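J.: Got a structure here, written out as structure tokens. Questions coming.
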Amino acid sequence: MFLGNGLPDAIYLELWDIMFYTSRSLLRMFAAIVISYAFGIFYGVAAARSRRGELILMPILDILQSVPILGFFPAAIFFFAAVFQESWIGIELAAVFLIFTSQAWNIAFAVYESVSAIPLDLEEAASSLHLKGLAKLRCLILPACIPKMVYNGMMSWAGGWYFLVAAEMITLGSRTYSLPGIGRYLAEATYSGNYQETIWGLASLILTILTIDLLFWRPLRGYAELFRYESVSAEQMTHHTLFHASRFAWLKSRLVPTALMGRVAHLSSLSTSLEPVAGSMRHVARKPGELLAKHSKLIICILTSVIVVATLASTVPQILRHTPSLQALYEELFQSQDVASEIGLIPAALGSSIARLFIAYLLSIAWTLPLAVRIAGSRKTFGAAVFAMQVLASIPATAVFPIIILATMKLPGGLQLTSIILTMTGMQWYLLFNLLGGVRSIPSDLLEASQTYRLKGFEKWRKLVIPAILPSFITGSITAWGGGWNALVVSEYIVFGRETVAVLGIGALLDKAAYNLGSVGLLFVNIAVMVVTIVTINRLLWRRSYHLVLSKYRMDY
Amino acid sequence: MVPIIELCNVTKTFGSSQRPAIVLDSINLFVGEHEFVGIVGPSGSGKSTLLRLMMGLTKPTEGEIYYRGKKVQDVCAGMAMVFQTFAIFPWLTVVENVELGLQGKPFAERERRERALRTVELMGLNGFEEAYPRELSGGMKQRVGLARALISDPEVLLMDEPFSSLDPLTATHLREEVLDLWSDLSVAPEAVVMVTHNVEEAVYMADRVIVLTPRPGRIARDVPVQIPRPRDPRSSDLYRVVDEITGLIA
């Protein structure tokens, strides 16, 4: 205003704004991933370490994983708005909670799988060294989880960005809670047609994602490599020990083996000469620790129940005051004309959503499978190609939806095609990265054997590549479908400018229930239908094929 | 003697060109016709790398490798390899795994199967033709590995620690069978190169033992073993050679 030369200072202001928005979103993301890790470790270890825990916790995790982010909207709003009296911190926590719901389950699965897969000999070694409780957690269980935790953590991180827009604009009917953040900024800029601002926002977001990858995930990936315990061939081993000697030294001095080495030294030196004295001293010194270790389960149980009871006691009255009564829910569901007609649409919507997912799945396979094999096949370009793919995958597709929509809406398939492509954005990367992992993990001795026996072309695919990657293909398919179901809520119903673009589908019904009608009852009915469908498909199709494939195409022999 | 395999000044390094790790340094070596060569050395002396260089699985950083006078550029067609970890395909049956050895050879489907069955029998695997590898013991798996290598009548058989994943009794057994094959001129390959860290095994089986030094791998000594076959694994003649070699390594 005082500049007077007519040049708008808006860009500078906006750049500054974008940075502010980005850092707010980033803080939210970090808060959510930290909580997700804490939750994932606790939940995963609990599920893997006790038979009973597994029976209860894993099905719950299955269900939680299949609930799309919108399903957590009412919980987020009721809980945080009610407890924190609609203050900014309540909304902020609600957003963190929603991001958490797109990150946590995946990490819990990673921990559960890693802990279940700890080789028996390591378990036995730990027991023979008298590792118990926390020491065992630190020396055996956590290190065993690190590789998977890092890789699934990266996936979760990307998932968080994907649903950031939804998490920063929580709408339930007429009530909208929005937060300053890059997700909301992008959404508002594009939906109001300010494409220049969209591009600035996108650039800032991509830059942020790349920086975080470089500073945070990349070192973590290198670090995670040290915790793999698969057997390696002699050549790779010398390779490894030669070039990572320094890192190993660092590791030895810091983390895993300290306690182990301490104990070994302890046992060998003391046990011979000073055994009686040392024995009694150890006995005295260990008493409190032993007590803790012995009753650790009990202590954890008491602590958890105290926390749960305290939270419930302080929040339940608040929540109850804000929760619609059953009577109200019933009336809302069966008296309202709108809602009743929506319920009638559910079967057709479900069918068309499944068809949409299936087509998106086939299209995803069509490009990821050949690409994965090609990338993994050439050693020289592998690193660069994977990096390029990671960059592409880390761009939250939701942010570029308007561009995809503009580009595809005029194509022959019309809206249906657009929606399928948008659904693909939530599926394809899971397939690609799982397939890449599968191709890369073909044991080097099998590769050498097929080289020495001149397996080539079609025969090589039939006898080596396809069988070897089948397990990862199935895992990739399972995660891709999971991602696809969740992506339906953003790909079947899009508010674009002043218009709403929607196709028939269960995701669109969910969106309508949340954004348009604000009907919690309808939202729950839709989510229940979706969860039941997903869990049924998982149990009947995916789990069976996984076990079938594993029984024949497992890598151990 | 006519050399079948010849290595001239072969050096192999891994890693970056700024800080290379030299695994093998100026190796000169030949393998003659009807010769059983053992390669021993402490771990890290590049034994397995040496074998993979001969096979053509990796390329030397410097120097040349010749097979029957021709430079080795790609995986050699006249050689077959037996792996320490067996490297048999877990999703293929025994007979399918053995048939892999005929890959790229112009045989009809039936002929292939017949040959595979014959080799399976030769290796004492009859009754297990349709079994999957995970149903087999370690010794059986390595028999599959050997059958797969021998089915194509290779000129050179390369063995990378073939007995070190087996229990001692099975290993003793399989060693005898390999020696039986070696003495049977109708089935034996022209030459065998075996990498091992077991000095007794090398001296017992080989005509010549090449001793490598660790980091970088250099040839410390080329020890001929002039003990007539069949050998007694406990004879004092044999142990004199074993002691000589062990003295070089330790």
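J.: Would you mind listing the helices (runs of 4 or more DSSP H) fully within the range B:161-250 where at least 3 residues are in the same structural domain as residue B:145 (by TED's automatic domain parsing) and open to solvent by 60 Å² or more (accessible area, probe 1.4 Å)?
T.: B:168-183
J.: Exactly one of these conditions fails for residue B:110: (1) part of a loop (DSSP other than H, G, I, E, B); (2) more than 16 Å from residue A:449 (Cβ to Cβ). Give me its number.
T.: It fails just one condition, (1).
J.: Give the residues of the range A:29-53 that are without any contact (Cβ under 8 Å) to a residue 12 or more places away in the chain, more than 26 Å from residue A:167 (Cα to Cα) and in a helix (DSSP H, G or I), sorted by residue number.
T.: A:46, A:51, A:52, A:53
J.: A follow-up question, please. Where residues in the range A:434-473 are under 21 Å from residue B:85 (Cα atoms) and among the basic types (Lys, Arg), which of them is surrounded by the most Cβ atoms within 10 Å (Cβ to Cβ)?
T.: Of everything passing the filter in the range A:434-473, A:463 is surrounded by the most Cβ atoms within 10 Å (Cβ to Cβ).
J.: Could you tell me which of the residues B:163, B:107 is of a type in the set (A, V, I, L, M, F, W, C) and within 14 Å of chain A (Cβ to nearest Cβ)?
T.: B:107
J.: Hey, could you check the range B:71-93 for residues that are more than 8 Å from every other protein chain (Cβ to nearest Cβ) and in contact with a Lys or Arg (Cβ under 9 Å, 6 or more places away or on another chain) and say which is surrounded by the fewest Cβ atoms within 10 Å (Cβ to Cβ)?
T.: Among those that are more than 8 Å from every other protein chain (Cβ to nearest Cβ) and in contact with a Lys or Arg (Cβ under 9 Å, 6 or more places away or on another chain), it is B:73.
J.: Same structure, new question: Which of the following residues is surrounded by fewer than 16 Cβ atoms within 10 Å (Cβ to Cβ) and modelled with pLDDT of 80 or more: A:102, A:127, A:116?
T.: Result: A:116 is the single residue among A:102, A:127, A:116 that is surrounded by fewer than 16 Cβ atoms within 10 Å (Cβ to Cβ) and modelled with pLDDT of 80 or more.
J.: Moving to a separate point now. I need the full set of residues from the range A:82-96 which are in contact with a Phe, Trp or Tyr (Cβ under 7 Å, 6 or more places away or on another chain) and either open to solvent by 10 Å² or more (accessible area, probe 1.4 Å) or among the charged types (D, E, K, R) (or both), in order please.
T.: The answer is A:91, A:93.
J.: Could you go through the range B:24-45 and let me know if any residue there is touching a His at 6+ places or on another chain (Cβ under 8 Å), among the hydrophobic types (A, V, I, L, M, F, W, C) and under 25 Å from residue B:204 (Cβ atoms).
T.: There is at least one residue in the range B:24-45 that is touching a His at 6+ places or on another chain (Cβ under 8 Å), among the hydrophobic types (A, V, I, L, M, F, W, C) and under 25 Å from residue B:204 (Cβ atoms).
J.: Do we find a residue being assigned to a helix (DSSP H, G or I), touching a Pro at 6+ places or on another chain (Cβ under 9 Å) and open to solvent by less than 70 Å² (accessible area, probe 1.4 Å) anywhere in the range B:124-133?
T.: yes
J.: Separate question: Given the options B:68, B:113, B:118, B:143, name the one that is more than 10 Å from chain A (Cβ to nearest Cβ) and touching a strand residue (DSSP E or B) at 6+ places or on another chain (Cβ under 7 Å).
T.: From the options B:68, B:113, B:118, B:143, the qualifying one is B:68.
J.: In the range A:158-210, what count of residues is obtained for those that are open to solvent by 20 Å² or more (accessible area, probe 1.4 Å), assigned to a helix (DSSP H, G or I) and under 30 Å from residue A:339 (Cα atoms)?
T.: So the answer is 5.
J.: Output the residues belonging to the range A:442-458 that are at the interface with chain B (Cβ under 7 Å from one of its Cβ atoms) and either farther than 15 Å from residue B:98 by Cβ or not β-branched (Val, Ile, Thr) (or both).
T.: A:445, A:446, A:448, A:449, A:451, A:453, A:454, A:455
J.: Separate question: Can you pull out every residue in the range B:39-68 that is open to solvent by 40 Å² or more (accessible area, probe 1.4 Å) and free of Cβ contacts under 8 Å to residues at least 40 places away in the same chain?
T.: Residue satisfying the conditions is B:59 alone.
J.: Let me ask something else. Restricting attention to the range B:22-55, which residues are touching a Pro at 6+ places or on another chain (Cβ under 8 Å) and within 13 Å of chain A (Cβ to nearest Cβ)?
T.: B:22, B:23, B:24, B:41, B:42, B:43, B:44, B:45, B:46, B:53
The values are calculated or read from the model by the stated rules, or taken from the named source; none is laboratory data. Please read these numbers as outputs of a predicted model, since none were measured by experiment. In this analysis, Cβ positions are derived from the backbone assuming ideal geometry, glycine residues included, and neighbour counts consider all displayed protein chains. Ligands, DNA and RNA are excluded from the accessible area calculation, which covers all protein heavy atoms including side chains. Shrake-Rupley method; radii C 1.70, N 1.55, O 1.52, S 1.80 Å.
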